[in-house]
Structures are given as C-alpha cells and as structure tokens.
Amino acid sequence: MIFKDLRSSGPLLAGAFAVLLGLSAPAADASVSYSFTTTTGNAAAQSYLAPGGTPVTLSAWSNGGTSGTMVQGSLSFWGSSGVGVNNGFGSSTDPSEGVSPEHAIDNNGLTDGVLLNFGVGNLFTMNSFSIGWFDSDADIVVLAYTGAGTPALGSSTLSGLLSSGWSGKKYSDVNSLGTNVAVNTALSLSSQYWLVLAYNSAFAGLSSGLGSSYGAGNDAFKFNGVTGNLTSTSSNISVPLPATTALLGVGALAFWRRRYQRQNS
C-alpha cells in the first residue's frame, strides 16, 4: 500500500524506491567453487575466495586436547596438492606429526580435520569435495553444523560432535577415485560451518556416501577444493551513503514537482 501511494506521486519517486528495494534484497542461491591450491607455507587460518568474492575461512583441528577434546592446530599449504594439518603434537601425543605422510590431514595417532566457515549470514550446501594428494588410503568424514548458535569445537570430542549439532556422512577409499576428482557428497545439508576430517571409529555409525570398507590409522590426504550452492540470508550489497542520499533526493524532487503541478493546474 505504501509503495502504491508513493508511486502515484510520480514515476521518478517510484523508481527511486524500487532501486533502493532492489539493492537491499537478499542474494539468491549461487553455485560456487573453491580451490585450496594457491597457497604455500603455514598459518593458523586462511581465507579463500570464490568467483564473486564470497570468502570461506579454513582452520585446522585435531582431537589432541584434554580427554580427546578438539584443539586448533596449524594449516599447512602444499600448492596444487591442497591443504594439510600440523596439529602441533609432534613432540608428544603424535610423534610423527609434520613428517610425511603426517604433513596432511591424517589419523595416524591423532585425528586431524579442517573447519570451513563461510561467514555470518551465509549457508553453504556442499555438493562435492576433492583431494589433491594421498598416501596409502583416504577414508574421509564430512560434517555440517546444523545446531543452534556457534559450534563449540574446543569443548567437544570426536564422538561428542554427533550429539552437539553435527551430522553428515563418511566416504571410504576416496583415493581409489584418484586426485582432483569431485566426490559427490550426497548431502542435502546447509550450514555456515563444515568439517572435513580423516576417518575415526567415532563416526562408524554415519551412513556411507562412498564404499563400505573403513579403517583408521593409515589415512592421509590433502584437501584441495569444494563445490556447492551458497545462499546469503542477508544483503551482501553495500549501498554507499552518498548514493542512497542522492536517490532519496531524486524522489523528493519528483514528489514536490508533482504537488506543484497539481496546485497550479
């Protein structure tokens, strides 16, 4: 009703408000592809951009905390091979950590994983993932957080994840498909947060998205990309204040022009 009344005050005014409404509309679903192959070195976290500029931030985790709780480690980057994890326990709980093949995401000793955070207001549906390197085996678990609020990884064990808002599937012998192959997740979950981990028996009860033979202790892989659909629940378009003011000014001029014409007709 308000828009209809404003429209009757003049085409320019209606046009100005239509532009403003269009600029503030939420973004529609977008197909996106992320490649984690452009970085080398080490970091606590790393952001990557999809075409269009929506970032995802990766961080490294393992179950090396007290009583097996999750703790943050360091990402290791291997160019076209993808991303690995150094959990930081190489001198104690996980003696071979950091030395090939435990420079990857592995489950020899501790179980490593990578958390993907697509940012506040963004929901990602993962259609596929890919690996760029593996050792003897690559049994992988993919989880999405569908609980309330922000996931508290630092206070959860691997088995506790499934009772605290995380759900997903496991994938056996991903290495048998080769590297740089898009592995269909067969998941219909949407979340801001995703976890990609080496397999652990804590996830034995998950349904399988690939294969049927699972074992822990000899899985090592580098994670190099995901594809999916990204939905923004809030506007990702920023309207500069001068532009907004100008649009409102055009509308006001149109309104007063229309009023003046009525008074003098």
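Residues are listed down the side, and each one gets a yes or a no for (1) modelled with pLDDT under 95; (2) of a type in the set (Asp, Glu); (3) touching a Gly at 6+ places or on another chain (Cβ under 7 Å):
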{"residue": "Ser167", "(1), (2), (3)": "no, no, no"}
{"residue": "Tyr171", "(1), (2), (3)": "no, no, yes"}
{"residue": "Gly209", "(1), (2), (3)": "no, no, no"}
{"residue": "Asn218", "(1), (2), (3)": "no, no, no"}
{"residue": "Phe221", "(1), (2), (3)": "no, no, no"}
{"residue": "Gly228", "(1), (2), (3)": "no, no, no"}
{"residue": "Gln261", "(1), (2), (3)": "yes, no, no"}
{"residue": "Asn264", "(1), (2), (3)": "yes, no, no"}
| request: Just one of (1) among the hydroxyl-bearing types (Ser, Thr, Tyr); (2) closer than 20 Å to Asn86 by Cα; (3) touching a Ser or Thr at 6+ places or on another chain (Cβ under 8 Å); (4) open to solvent by 10 Å² or more (accessible area, probe 1.4 Å) trips up Tyr145, so point out which. | output: (2)
| field | Residue, farthest from Thr185 (Cα to Cα), within the range 199-226, restricted to residues that are open to solvent by 60 Å² or more (accessible area, probe 1.4 Å) and not polar (S, T, N, Q) | value | Ala216
| Subset of the range 1-56 [open to solvent by 30 Å² or more (accessible area, probe 1.4 Å), at pLDDT 60 or above and more than 20 Å from Ser76 (Cα to Cα)] | Asp29, Ala30, Ser31, Ser33, Pro51, Gly52, Gly53, Thr54
| request: List the strands (runs of 3 or more DSSP E) that sit entirely inside the range 140-231 and contain at least 3 residues that are in contact with a helix residue (DSSP H, G or I) (Cβ under 7 Å, 6 or more places away or on another chain). | output: 140-145
| query | Can you pull out the residues in the range 75-129 that are among the hydroxyl-bearing types (Ser, Thr, Tyr) and within 15 Å of Val142 (Cα to Cα)? | reply | Thr111, Thr125, Ser128
| said: I'd like the full set of residues that are farther than 17 Å from Ser100 by Cβ, in contact (Cβ under 8 Å) with a residue 24 or more places away in the chain and among the aromatic types (Phe, Trp, Tyr), limited to the range 32-84. | reply: Tyr34, Phe36, Trp61
| query | Given the structure, is Ser80 touching a Ser or Thr at 6+ places or on another chain (Cβ under 9 Å), at pLDDT 90 or above and not in a helix (DSSP H, G or I)? | reply | no
| Within the set of pairs 6 or more residues apart or between chains, which connect a residue that is farther than 19 Å from Asp173 by Cα inside the range 85-106 to a residue that is outside any loop (DSSP other than H, G, I, E, B) and open to solvent by 50 Å² or more (accessible area, probe 1.4 Å) with Cβ atoms less than 6 Å apart? | Gly98/Asn86
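The values are calculated or read from the model by the stated rules, or taken from the named source; none is laboratory data. If you're wondering where the values come from, they're calculated on a predicted model, not measured in any experiment. Backbone-built Cβ (ideal geometry, glycine too); neighbour counts: all protein chains shown. These accessible areas exclude ligands, DNA and RNA; they are computed on the full protein's heavy atoms, side chains included. Shrake-Rupley method; radii C 1.70, N 1.55, O 1.52, S 1.80 Å.
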